[in-house]
Structures are given as C-alpha cells and as structure tokens.
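Read through the structure below, which is laid out as structure tokens, and then see the notes.
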Amino acid sequence: MSTGFVTIAMDDLEKPRGGRPRAFDPNRALDAAMHLFWEHGYEATSLTMLREAMGLTPPQIYNAFTDKETLFRKALERYHQTEIGFALEALSAPVSTGEAIRRLLLGAAEAYSRPGKPGGCLFVSGALATSPQAQAIADELKTYRKASEAAIAGRLAEGKTKGDLPAGISVKGFAKYLAGTMNGMSIQARDGASVEELRALAETALAALPLGRQNQGHDPETGHHAGPFPRS
C-alpha cells in the first residue's frame, strides 16, 4: 500500500476467509464505516455504531475486517480511492505549476464541504489527538499527511526544474505551507465553513504569497493567473 496523492490498491475484500460467498457488499459496508470514522474520528466510533451503520453482525465484521483497527486502515484506503481525486488531477494536470496549485486548493474547498458528507479531510480529523492505545492509528494518519505534502513538493520540484518557478523558491517550505493551508481548511470545514468561505481562504492563501514576476502572467491553457510563489 502507498499513501499520499498517489494511486493505491485495496486488499481484495471480496475474498471470504472460508471460501463461502458473502451476503453483503463489502464496498458499501466499508463506505459506511469510512463515513463514521470521518465524522466522529477513530476512537469515538464504537463497534456498536459500526455494526449499525454497516448492517453487519459481529461475525461478519470479524470475517471481513478482523478488528476495528484493520477496518479503519481499510477505510483510509477507501477514502484515498474515492475522495481525493481532486488532488490527483490537480497535481498531474498539464498546466503551469501556479495553476496546478490553484486547482489543488480550490479543489480542496469543494471536497471538504460536499453536501451529505462529513466536513474536512479524514486524514486530518481521523485521529489528531489519541490515547496511547491508538498511537499507531495517529502515526498512520501522519504518514498519509506527510506523503501528501511530499506529492505537492514533487509537483513544485518538477515546476522548478522546468523553469516554471523562481530559481530561489524553497520547494520544501512552499509544500509545507500549502499542506498546512489545506489542513487548516479541513479544520475550518469541520467547524462549519461554507464552500464559499473555503474558496475565499484558498484565494487569500495564494494571494498572500510573495509575487514572483515571471509567474504573474496567465496560464496559456486555462487563462487563469499563474499565481505567486515564495522564495527561499
């Protein structure tokens, strides 16, 4: 399994342990668990809540997912597969680096405030503060966040190599700034910020960066402002 804004493959949940076909849709059950963890966090989500939301008996949960910790890890993989396409698309788009970052932040504003889903990002809100017994879960989420930051840094480094960014830019520092901005947007969304407020936050974050003259034009493909960048 890999993490961050990269493709990952889930374990095959369709394979029952005893060879007997399951009488439930494992992806649907996993989606239900994912939404509970997303809304309440790892430790606050009880096994009773999971059984009720997933519509499964305790033996079915054990046979399919082993235990709560394993279920949470599979929910993280499911979240990665289904909820962060905006980031994958933004960072891989054949546009200027400034436009890619603009798409990333505005995509986060949309993704973190989708109607009918918990606000924010599961990688941020899943277990920010945990008991010592759940430290492994907190470490897992930290790994996802660090990998996401590394993916952003990779896109910035690519832009710098192509001359798309000022030579003096700090790729590491800018990536950390952008990841921190997205984490803050996630918390704002959890506190009830609207999509319009999150978009405004994203635009403010971009506008607050020191301007680099070579990046003040418009992206040739989209016509959007290429965006400012911090220097090292």
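The values are calculated or read from the model by the stated rules, or taken from the named source; none is laboratory data. All of these numbers come straight from a predicted model, not from anything done at the bench. Here the Cβ positions follow ideal geometry from the backbone for every residue, glycine too, while neighbour counts run over all protein chains shown.
A few notes on this one:
- Screening the candidates Ala226, Ala157, Ala175 for the property of being modelled with pLDDT of 90 or more and more than 20 Å from Cys121 (Cβ to Cβ) yields one hit, Ala157.
- Filtered by the rule that a residue be buried (at least 19 other Cβ atoms within 10 Å of the Cβ) and assigned to a helix (DSSP H, G or I), the stretch 87-105 gives Ala87, Ala90, Leu91, Thr97, Gly98, Glu99, Ala100, Ile101, Arg102, Arg103, Leu104, Leu105.
- Matching residues in the stretch 164-205 - criterion: being in contact with a Cys (Cβ under 9 Å, 6 or more places away or on another chain) and either among the polar types (S, T, N, Q) or exposed (fewer than 14 other Cβ atoms within 10 Å of the Cβ) (or both): Asn183, Ser186
- Ile152 being within 18 Å of Val95 (Cβ to Cβ), buried (at least 17 other Cβ atoms within 10 Å of the Cβ) and at pLDDT 95 or above: yes
- Check on Ala179, under 21 Å from Lys74 (Cα atoms) and not hydroxyl-bearing (Ser, Thr, Tyr): no
- Matching option when the condition is surrounded by 20 or more Cβ atoms within 10 Å (Cβ to Cβ) and of a type in the set (A, V, I, L, M), among Ala147, Ala138, Ala109: Ala109
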